[in-house]
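Colleague: One structure, as structure tokens, below. Some questions next.
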Amino acid sequence: MMLTKRSFVVGALGGIALMGLPLETKAEGAGSGGTLVIGSTQVPRHFNGAVQSGIATALPSTQIFASPLRYDDNWNPQPYLAESWDVSKDGLTVTLKLVKNATFHDGKPVTSEDVAFSIMTIKANHPFKTMLAAVESVDTPDPHTAVIELAHPHPALLLAMSPALMPILPKHVYGDGQDVKSHPANLKPIGSGPYKLTEYKQGDYYTLEKFDKFFIPGRPKLDKIVVRLISDPNALMVSAERGDVHMVPYFTGVRDIERLEKAPNVVVTDKGFAGIGALNWLAFNTKKKPLDDVRVRQAIGYAANREFIVKKLMGGKALPSTGPIAPGSPLEEKNVDQYKFDIAKANKLLDEAGLKPDGAGVRTTLTIDYIPGNDEQQRNVAEYLRSALKRVGINLEVRAAPDFPTWAQRVANFDFDMTMDTVFNWGDPVIGVDRTYLSSNIRKGIIWSNTQQYANPKVDEILGQAAQESSPDKRKALYSEFQKIVVEDAPIFYINATPYHTSFAKGLGNLPTTVWGVASPLDELYWVTPPKN
Amino acid sequence: MALLTHLFGKLANAVALLLAVLVMNFCLIHLAPGDPVQVIAGEMGGASPEVIAALRAKYGLDHSLLEQMFTYLGKVAHGDFGYSYYFNQPVLGLILQRLPATLYLAAASLVVAVLIGTVLGVISARRPNGLLSHGVTVLALAGHAAPIFWTGLLLLLLFGSVWPILPVNGMTDVVNPKTGFAYAADVAKHLVLPSITLGLVFVAQYSRLARVNMIDVLSADYIRTARAKGLPERVVLVKHALRNTLIPIVTVVGLQFGNLFAGAVLVETVYSWPGMGRLVFDSILRRDYPTLMGVLFFSAVMVIAANILTDLVYRLIDPRIRAGAR
């Protein structure tokens, strides 16, 4: 069951690496033990992924807390705390059968009570409101059975049971009436996952130690994971090259990627990010003139050379993206208008929209914002667009923001013409895509809502249907229609999938390549050849 | 008695100054665009209006700024520095966790700056117009003019990558934690690069100061007397001249404290040193007002304390000041 293609292949490679060693070593369960040092610039607010999304918390939370299901590298659900699951014919009931031997780090057993408590807590507190909105109640007929009752069929639920989205919290800790969002246990978490948090030195590092009563026998393989919080990206790269840190998750810089690819003792992979589905895009304020005219937005799409951005600005490390669903998702529709670079077409559309060039050849002047801090994905593209759009008579003023809060305030309050942005799909459209396009999610003051103020009743209708469609084929058809309409309406010009990469020290086996990558338990990861320190 | 009166006056001044610092901090921080709730919502991947409103109410951000300020001042008067929006912890605890690291860094940097600076100053004072003297001046000025983060990155690449002999991040070895004496040695090893980076900035000032004073002292009558007695040059320099050169340096050390904290923000970020400087950086980016105000307040307390202390030490060392100040 657990012998997926991936673990088989990696296992075989591990075997090759071990061939030089005497046989006894292999028999001893080679590669168990040892410490893994992870370097990350992401400072977690706390460790409870039930009330906090984002990769800074997901990385530790998925080690500390187990979830009902986990996923392989092909989007297939795998048993985790739930050894089996069953969706009723009408799609209104999902029954989970829990494993019997799972305990929390404090020794108390994991029961269906905890599952019910966690699901309702996440529904009430997690920022992704649509994720569990359909859940009405969770019944617990016996300690190892949880029955989730839904208001309507909710196919996204299975993916929502992933480690990054549905950590199972101990009811006996969190059920004490305190606000879960600021519960003291969020900094001293007790879960049932493969590792327990043993030390948190604020601003420096946190330590996860192997939970020896973890319910999957023989796991986790590592004794200890230390996550070092390194604020400077250069220092992080140097540390990875030196081998001070054995793993760097979630980096995107082309030079960083190339640098670590060249480092002799490092393996770099872009696998493990399909679930997060991070897109880098140009968003329009569709309520502002002249961007309220779809032809102007389309023209900008034709005038911007996506090929150039991806190949040259991003050194070919990023995949182009042409629609709202990230490449790598089985729901991505490739057959949409790609906005292939075409200056003549752009000019024609602008003419039709009535934006005539003045004496100096200028049709209009617009501003473009970008998220500070990730120049290659954001600022450089904005700068490029300035020169690219000049060729079709659009004067673009690049408006820098000194830091994230400044940018977020502008965009959330619709105080922008165009902005670069990075938004995550989070696996299922219901969880991470709908928010950008549903007209009901135009909410001033809230970043990463429908800040484009895009409203199309047809899109609202399709998304509503697709969210409840149990048949995978029909669902796929609905989403493909949705993608075609949105690309045509062009509230957003899609540029690329954010080229997230993870580096690993050579000598590690079973690298995490599932759709959730390192935002899922690292219980299989092990040292084939441990580092010398 | 006079000293006590003087000290009392200084303390009264300090309290007034700190109050001003608190008010100023509050105003400056709230002048910056951006909203902490927005940041928290952003990091959560978006939030509903209800969540946003609840967060605002929870942190008292729904009150007017004036109200917020008086609430804050009242709390600080009771030793309560509030609760960090971002780190979900009481600010005082956060700061106390981070304070030692910054103090180590500041102390080590001062030692680096004073030692290297004084030695360079003394060397160049011996032949003020010689090639060596000019070389030292240029080097020291270059160290002073180079941006801290640039020096930091340079040293980081040099000793972290090209010639990897020193640790480049954090304060301790997290894989094999040490205890006792080995722990101290471990921290010291991690401290080398950050303290040199921060110390280099101030080397120029100390070397200039030492140089000028040394030249001054070397032309004094008692030096001529010492030389006339036939004392070896080394003894003249170290025993007679250097001592008198050190007095103004001690004063400047006290005044330097504020600058050290400013520099620490950058150095701690480059080397992931878990001190208050990095906390400032993190809290600015997150508009974590209580943490930011807390750190700034504590920095102000320390700068003021250092100044009072220097003033006292100076009065003790040099009787002329005591007479003049009255």
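Colleague: Residue under question is residue A:238, and the condition is that it be outside any loop (DSSP other than H, G, I, E, B), farther than 30 Å from residue B:96 by Cβ and within 7 Å of another protein chain (Cβ to nearest Cβ); does it hold?
Modeller: Yes; evaluated as a whole, the condition is true for this residue.
Colleague: Taking the condition part of a helix (DSSP H, G or I), over 29 Å from the mean Cα position of the chain (by Cα) and of a type in the set (A, V, I, L, M), does residue B:196 pass?
Modeller: Against the criterion (part of a helix (DSSP H, G or I), over 29 Å from the mean Cα position of the chain (by Cα) and of a type in the set (A, V, I, L, M)), residue B:196 does not qualify.
Colleague: Ok, one more. Between a first residue in the range B:171-186 that is farther than 16 Å from residue B:101 by Cα and a second residue that is of a type outside the set (D, E, K, R), which pairs have beta carbons less than 8 Å apart while being 6 or more apart in sequence or on different chains?
Modeller: Qualifying pairs under 8 Å: B:175/A:35; B:175/A:37; B:175/A:226; B:175/A:533; B:176/A:533; B:177/B:183; B:178/B:172; B:178/B:185.
Colleague: Here's a follow-up. If I filter the range A:118-131 for residues that are free of Cβ contacts under 8 Å to residues at least 60 places away in the same chain, open to solvent by 10 Å² or more (accessible area, probe 1.4 Å) and away from every other protein chain (no Cβ under 14 Å), do I get at least one hit?
Modeller: Among the residues of the range A:118-131, at least one is free of Cβ contacts under 8 Å to residues at least 60 places away in the same chain, open to solvent by 10 Å² or more (accessible area, probe 1.4 Å) and away from every other protein chain (no Cβ under 14 Å), which makes the answer yes.
Colleague: Kindly establish whether residue A:229 is more than 14 Å from chain B (Cβ to nearest Cβ) and open to solvent by less than 20 Å² (accessible area, probe 1.4 Å).
Modeller: On the way: more than 14 Å from chain B (Cβ to nearest Cβ): no; open to solvent by less than 20 Å² (accessible area, probe 1.4 Å): yes.
Here the answer is no, as residue A:229 does not meet what is asked.
Colleague: Tell me, which residue of the range A:207-226 that is of a type in the set (D, E, K, R) and more than 14 Å from chain B (Cβ to nearest Cβ) is least open to solvent (accessible area, probe 1.4 Å)? Give the derivation first.
Modeller: Let us first name the residues in the range A:207-226 that are of a type in the set (D, E, K, R), namely A:209-210, A:212-213, A:219, A:221, A:223-224.
After this cut, where a residue has to be more than 14 Å from chain B (Cβ to nearest Cβ) as well, the list is A:210, A:212-213, A:219, A:221.
On the way: A:210: 72, A:212: 117, A:213: 132, A:219: 37, A:221: 61 Å².
Ranking the qualifying residues of the range A:207-226, first place goes to A:219.
Colleague: Go through the range A:422-449 and count every residue that is open to solvent by less than 30 Å² (accessible area, probe 1.4 Å) and facing chain B (nearest Cβ under 10 Å).
Modeller: 10
Colleague: Quick check: is even one residue across the range B:170-182 within 13 Å of chain A (Cβ to nearest Cβ), surrounded by 14 or more Cβ atoms within 10 Å (Cβ to Cβ) and either more than 27 Å from the chain's Cα centre (by Cα) or in a helix (DSSP H, G or I) (or both)?
Modeller: yes
Colleague: So which of B:258, B:160 ends up being within 14 Å of chain A (Cβ to nearest Cβ), under 25 Å from the mean Cα position of the chain (by Cα), assigned to a helix (DSSP H, G or I) and farther than 30 Å from residue B:127 by Cα?
Modeller: Result: B:160 is the single residue among B:258, B:160 that is within 14 Å of chain A (Cβ to nearest Cβ), under 25 Å from the mean Cα position of the chain (by Cα), assigned to a helix (DSSP H, G or I) and farther than 30 Å from residue B:127 by Cα.
Colleague: If I go through the range A:355-389 residue by residue, how many of them are over 34 Å from the mean Cα position of the chain (by Cα) and open to solvent by 50 Å² or more (accessible area, probe 1.4 Å)?
Modeller: Just the residues of the range A:355-389 that are over 34 Å from the mean Cα position of the chain (by Cα), to begin with: A:355-365.
This time we only want the ones that are open to solvent by 50 Å² or more (accessible area, probe 1.4 Å), so: A:356-360, A:365.
Within the range A:355-389, residues that are over 34 Å from the mean Cα position of the chain (by Cα) and open to solvent by 50 Å² or more (accessible area, probe 1.4 Å) number 6.
Colleague: Quick one: residue B:280 ticks every box in (1) within 16 Å of the chain's Cα centre (by Cα); (2) within 28 Å of residue A:407 (Cβ to Cβ); (3) more than 14 Å from every other protein chain (Cβ to nearest Cβ) bar one, so which box is it?
Modeller: (3)
Colleague: Right, here's the next one. Under 6 Å between Cβ atoms, which residue pairs at least 6 apart in sequence (or on different chains) link something in the range B:92-119 that is under 30 Å from residue B:234 (Cα atoms) and in the same structural domain as residue B:264 (by the TED database) with a partner that is open to solvent by less than 10 Å² (accessible area, probe 1.4 Å) and aliphatic (A, V, I, L, M)?
Modeller: B:109/B:198; B:113/B:203; B:116/B:203; B:117/B:203; B:118/B:210
Colleague: Give the number of residues within the range A:390-411 that are open to solvent by 40 Å² or more (accessible area, probe 1.4 Å), within 24 Å of residue A:499 (Cα to Cα) and without any contact (Cβ under 8 Å) to a residue 12 or more places away in the chain.
Modeller: Within the range A:390-411, residues that are open to solvent by 40 Å² or more (accessible area, probe 1.4 Å), within 24 Å of residue A:499 (Cα to Cα) and without any contact (Cβ under 8 Å) to a residue 12 or more places away in the chain number 0.
Colleague: Still on this structure, I have one more. Would you confirm whether any residue within the range A:198-206 is among the β-branched types (Val, Ile, Thr) and open to solvent by 50 Å² or more (accessible area, probe 1.4 Å)?
Modeller: Checked the range A:198-206: at least one residue is among the β-branched types (Val, Ile, Thr) and open to solvent by 50 Å² or more (accessible area, probe 1.4 Å).
Colleague: Pairs, please: C-beta under 6 Å, at least 6 apart or cross-chain, first residue under 23 Å from residue A:416 (Cα atoms) and in contact (Cβ under 8 Å) with a residue 40 or more places away in the chain and in the range A:338-366, second of a type in the set (Asp, Glu) and open to solvent by less than 70 Å² (accessible area, probe 1.4 Å)?
Modeller: A:353/A:293; A:366/A:417
Colleague: I would also like to ask the following. Please find, within the range B:30-50, the residue that is modelled with the lowest pLDDT out of those that are open to solvent by 10 Å² or more (accessible area, probe 1.4 Å) and more than 7 Å from chain A (Cβ to nearest Cβ).
Modeller: Among those residues, the one meeting the criterion is B:50.
Colleague: If we scan the range A:324-335, do we find a residue that is open to solvent by less than 20 Å² (accessible area, probe 1.4 Å) and under 30 Å from residue A:357 (Cβ atoms)?
Modeller: no
Colleague: Hey, can you tell me all the residues within the range B:137-156 that are modelled with pLDDT of 90 or more and surrounded by fewer than 16 Cβ atoms within 10 Å (Cβ to Cβ)?
Modeller: Matches in the range B:137-156: B:150, B:154.
Colleague: Where in the range A:1-112 are there helices (runs of 4 or more DSSP H), lying wholly inside it, with at least 1 residues that are modelled with pLDDT of 90 or more and buried (at least 24 other Cβ atoms within 10 Å of the Cβ)?
Modeller: By residue number, A:55-64.
Colleague: Mind telling me which of the residues A:397, A:383, A:376 ends up being modelled with pLDDT under 95 and more than 14 Å from every other protein chain (Cβ to nearest Cβ)?
Modeller: Working: A:397 fails: modelled with pLDDT under 95; A:383 fails: modelled with pLDDT under 95.
Just one listed residue meets the conditions, A:376.
Colleague: Provide a single number: the residues in the range A:412-421 that are open to solvent by 10 Å² or more (accessible area, probe 1.4 Å) and either more than 11 Å from every other protein chain (Cβ to nearest Cβ) or touching a Leu at 6+ places or on another chain (Cβ under 6 Å) (or both). Spell out how you get there, then give the answer.
Modeller: Of the range A:412-421, the ones open to solvent by 10 Å² or more (accessible area, probe 1.4 Å) are A:413-415, A:417.
Filter again for either more than 11 Å from every other protein chain (Cβ to nearest Cβ) or touching a Leu at 6+ places or on another chain (Cβ under 6 Å) (or both), leaving A:414, A:417.
Residues that pass the stated criteria total 2.
Colleague: Now a separate question. Kindly indicate the residue of the range A:241-255 that is touching an Asp or Glu at 6+ places or on another chain (Cβ under 9 Å) and open to solvent by less than 40 Å² (accessible area, probe 1.4 Å) and also nearest to the other protein chains (Cβ to nearest Cβ) among those meeting that condition.
Modeller: Once the filter is applied, the top-ranked residue is A:248.
So that you can scan it fast, the table gives a plain yes or no per residue for (1) assigned to a strand (DSSP E or B); (2) of a type in the set (Val, Ile, Thr); (3) more than 25 Å from the chain's Cα centre (by Cα):
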| site | (1), (2), (3) |
| --- | --- |
| A:159 | no, no, no |
| A:173 | no, yes, yes |
| A:203 | no, no, no |
| A:212 | no, no, yes |
| A:231 | no, no, no |
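Colleague: Within the range A:291-322, track down each residue that is without any contact (Cβ under 8 Å) to a residue 12 or more places away in the chain and assigned to a helix (DSSP H, G or I).
Modeller: Let us first name the residues in the range A:291-322 that are without any contact (Cβ under 8 Å) to a residue 12 or more places away in the chain, namely A:292, A:311-312, A:316.
Within the range A:291-322, A:311, A:312 qualify.
The values are calculated or read from the model by the stated rules, or taken from the named source; none is laboratory data. Remember, predicted model here, so these are calculated numbers, not experimental data. We place every Cβ from the backbone using ideal geometry, glycine too, and count neighbours over all the protein chains shown. These accessible areas exclude ligands, DNA and RNA; they are computed on the full protein's heavy atoms, side chains included. Shrake-Rupley method; radii C 1.70, N 1.55, O 1.52, S 1.80 Å.
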